[in-house]
1. If only one of 49, 14, 65 is in contact with a strand residue (DSSP E or B) (Cβ under 9 Å, 6 or more places away or on another chain), in contact (Cβ under 8 Å) with a residue 12 or more places away in the chain and not aromatic (Phe, Trp, Tyr), which one is it?
2. Of everything in region 19-32, what is crowded, with 20+ Cβ neighbours inside 10 Å, out of contact with any strand residue (DSSP E or B) (no Cβ under 6 Å at 6 or more places or on another chain) and in a helix (DSSP H, G or I)? Give them in sequence order.
3. Mind checking whether some residue in region 79-91 is under 18 Å from residue 38 (Cα atoms), of a type in the set (Ser, Thr, Tyr) and surrounded by 19 or more Cβ atoms within 10 Å (Cβ to Cβ)?
4. Among residues belonging to region 92-111 that are free of Cβ contacts under 8 Å to residues at least 60 places away in the same chain and under 12 Å from the mean Cα position of the chain (by Cα), point out the one that is surrounded by the most Cβ atoms within 10 Å (Cβ to Cβ).
5. Taking the condition of being of a type in the set (Ser, Thr, Tyr), assigned to a helix (DSSP H, G or I) and surrounded by 13 or more Cβ atoms within 10 Å (Cβ to Cβ), how many residues in region 33-65 meet it?
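Values quoted throughout were computed directly from the atomic coordinates according to the rules given, and no laboratory measurement underlies them. This structure is a prediction, so every number in the text was calculated from the model and none was measured. Using ideal geometry, Cβ is built from the backbone for each residue, glycine included, and neighbour counts are taken over all protein chains shown.
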Amino acid sequence: MKLPKGNQAELGNKIENYCLNFNHQKGKHKATLFQSKLGITLENVDILKKAIKKAAITETVITRKTNEYGTHYNMKFLLKTDVGESLILVAWIIRKNENFPRLTNCYPVNK
């Protein structure tokens, strides 16, 4: 299955404030992975944002789970840059009172 309303997916500020933030307690580990595997930092964040937006529309959901907050979706896609390539795990939620997906997490994973 595809991510419902993937073309309306919202990234918010999760990437800048968490996934690529070397000053965030948990995010710094993801930021290190993005930099070492793909050369992606806040300076070239658009590479990651464009890839995630495209994945929201084109990639297949690998897991789906519903809880009291809404429905959670996970997907993986391959991202290649001049520095390297890695599978990226992307997590989304469609909250119970909303009808579009919001990014909750993303990070490079082993193939």
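1. One residue alone meets the criteria, 14.
2. Matches in region 19-32: 27, 31.
3. yes
4. The extreme case among them is 93.
5. 1
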